[in-house]
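The values are calculated or read from the model by the stated rules, or taken from the named source; none is laboratory data. Bear in mind that the values here come from a model prediction, so they are computed numbers and not experimental data. Note that each Cβ is placed from the backbone with ideal geometry, even for glycine, and that neighbours are counted across all protein chains shown. Each accessible area value is taken on the protein alone, full model and side chains, heavy atoms only, with ligands, DNA and RNA left out. Shrake-Rupley method; radii C 1.70, N 1.55, O 1.52, S 1.80 Å.
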Amino acid sequence: MKPLAVVTGCLLALAFAKAGSYHEFEVYNVRPETHAQLTVLLQWRNAEMDVDFWDTPKVGRNARVMVTRQDHKRVEEFLERHDIEYDLVAEDVQELLNREQRRNVEHYRRLKRDSNSRATVNFEHFWTLDEIYDYLDELAVAYDGLVRVSEIGRTYEDRPIKAITISTRGAIDQTRPIVFMDGGIHAREWAGVMSVMYMIHEYVEHSEEYANQLSNADYVIVPVANPDGYVYTHEQNRLWRKNRSQANVLCYGVDLNRNFPFMWDRTTTECTNNFAGHTASSENETKAIIALMDQYKAAIRMYLAVHTYGEMILWPWGYDFLHAPNAAELQRLGEQARDALVAAGGPEYEVGNSADILYTATGATDDYAYNLGVPFAYTIELTGGGSQGFDLPATDLARVTSQTFELLKVFGQHAGTLSVTT
């Protein structure tokens, strides 16, 4: 028997394209209690043709999964066949997203009436791409001794891909270790983008508080690695994941985190959420990040890819069940970062090898960076989305971004202790 995800083809993408909304979609909470059940769900997720996991499934924890309403019976039969506990938690995803949007808009209105924050900008709403780019450009003007902002490429829809560098020397000369970061490579993961932006804000506008750290390491950051997709999630389809290049006559988008040229493999078809592209490095965004990494590779000592959701800190390799040669160091540093997050009041993330904890994935950014020679490369899956919508409620955003900053600081501090061979 074919697995459920293969039976009905690419209906998630096509059903939305036909209806223009998510009224015909449902969300289940699924809870694997054994590793065998988890394996079944991960295989189901990895096929990812007619199911869309909003959270990473783990033993003993709920994960939300979206399916088309017409698959209702088939989904429940599949879960019951494997004795996996489940609950139908939303019968109309579009209404769920509409409520989420209304709640966030009302929260932002209240903030505008009564704001008392040390921030010169607001970190209690999800920024648009224009807001992000305007802020980066303002920082470049106001802090020209610390910040540089550059356009590193153009997207399929001809939007700029912007990077920011932070260095107390102004321009990065690659004599100090570099922390290379990206966020938003998956378009719908807004909280990851905002966590990166919060870190930028702290290091730039409050740089005096982090003088020791900034004197030992420099930062190269792509806050929104997928601009077209990010705009599309704000304007058209909140749950879009890929970029917006045209894959075939019917379907758009490539999963940029499967498109990098290390152990790349075309594992799925064009209409799936994790389509890796027709060739490695086929996408403009991928090429731009590769070129930026290549520019600074002599000094990059830390790579961080910020994602949502899952509460995990993952290290290479991810393409197969193999551990990086310095696995013990990667694990130890990841645990230190996790402990800093817990001390700040955050949840206790799981730390470990990507393939062991999650699933194998080819063409990913962290494997690419590690293969490039970056000794510490991580994917960070932030804390989970809201119970009443896909993303964190905006009311939780300030707390999560500030807590995540404590985790990110640990990686930067360690990078500052590493040597650079010139």
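With respect to R159, determine if the residue is among the basic types (K, R), more than 18 Å from I290 (Cα to Cα) and modelled with pLDDT of 95 or more.
Working: among the basic types (K, R): yes; more than 18 Å from I290 (Cα to Cα): no; modelled with pLDDT of 95 or more: yes.
Criteria not met by R159.
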Could you list all residues from region 277-318 that are at pLDDT below 95 and among the small types (G, A, S)? G310
Lone unmet requirement of (1) at pLDDT 95 or above; (2) open to solvent by less than 20 Å² (accessible area, probe 1.4 Å); (3) not in a strand (DSSP E or B) for G352: (3)
Which residues, taken from region 117-130, are at pLDDT below 95 and acidic (D, E)? E124
Top-ranked residue in region 241-252 [being more than 16 Å from the chain's Cα centre (by Cα) and modelled with pLDDT of 95 or more; ranked as farthest from H278 (Cα to Cα)]: R244
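From R338, R244, R301, R238, which residue is open to solvent by 10 Å² or more (accessible area, probe 1.4 Å), in contact (Cβ under 8 Å) with a residue 60 or more places away in the chain and part of a strand (DSSP E or B)? If you could, list the steps in order and put the result at the bottom.
Working: R338 fails: part of a strand (DSSP E or B); R244 fails: part of a strand (DSSP E or B); R238 fails: part of a strand (DSSP E or B).
None of the other options fit; the residue is R301.
Each row is one residue, and each column tells you yes or no for (1) out of contact with any helix residue (DSSP H, G or I) (no Cβ under 7 Å at 6 or more places or on another chain); (2) within 20 Å of F53 (Cβ to Cβ); (3) modelled with pLDDT of 95 or more; (4) open to solvent by 30 Å² or more (accessible area, probe 1.4 Å).
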{"residue": "G373", "(1), (2), (3), (4)": "yes, no, yes, yes"}
{"residue": "F376", "(1), (2), (3), (4)": "no, no, yes, no"}
{"residue": "D391", "(1), (2), (3), (4)": "no, yes, no, no"}
{"residue": "T395", "(1), (2), (3), (4)": "no, no, no, yes"}
{"residue": "A398", "(1), (2), (3), (4)": "yes, no, no, yes"}
{"residue": "L408", "(1), (2), (3), (4)": "no, no, yes, no"}
Tell me which of these G277 doesn't satisfy, since it passes every other one: (1) on the phi < 0 side of the Ramachandran plot; (2) open to solvent by less than 10 Å² (accessible area, probe 1.4 Å); (3) in a loop (DSSP other than H, G, I, E, B). (1)
For region 36-62, which positions are at pLDDT 90 or above and in contact with a Phe, Trp or Tyr (Cβ under 7 Å, 6 or more places away or on another chain)? none
Among the numbered criteria (1) within 29 Å of D144 (Cβ to Cβ); (2) in contact (Cβ under 8 Å) with a residue 40 or more places away in the chain; (3) of a type outside the set (D, E, K, R); (4) open to solvent by less than 10 Å² (accessible area, probe 1.4 Å), which one does L256 miss? (1)
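Of the residues D83, D71, D55, which single one is part of a loop (DSSP other than H, G, I, E, B), more than 19 Å from T308 (Cα to Cα) and charged (D, E, K, R)? It would help to see each step written out before you state the result.
Values: D71 fails: part of a loop (DSSP other than H, G, I, E, B); D55 fails: more than 19 Å from T308 (Cα to Cα).
Result: D83 is the single residue among D83, D71, D55 that is part of a loop (DSSP other than H, G, I, E, B), more than 19 Å from T308 (Cα to Cα) and charged (D, E, K, R).
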If I go through region 333-391 residue by residue, how many of them are under 30 Å from V30 (Cβ atoms) and among the aromatic types (F, W, Y)? 4
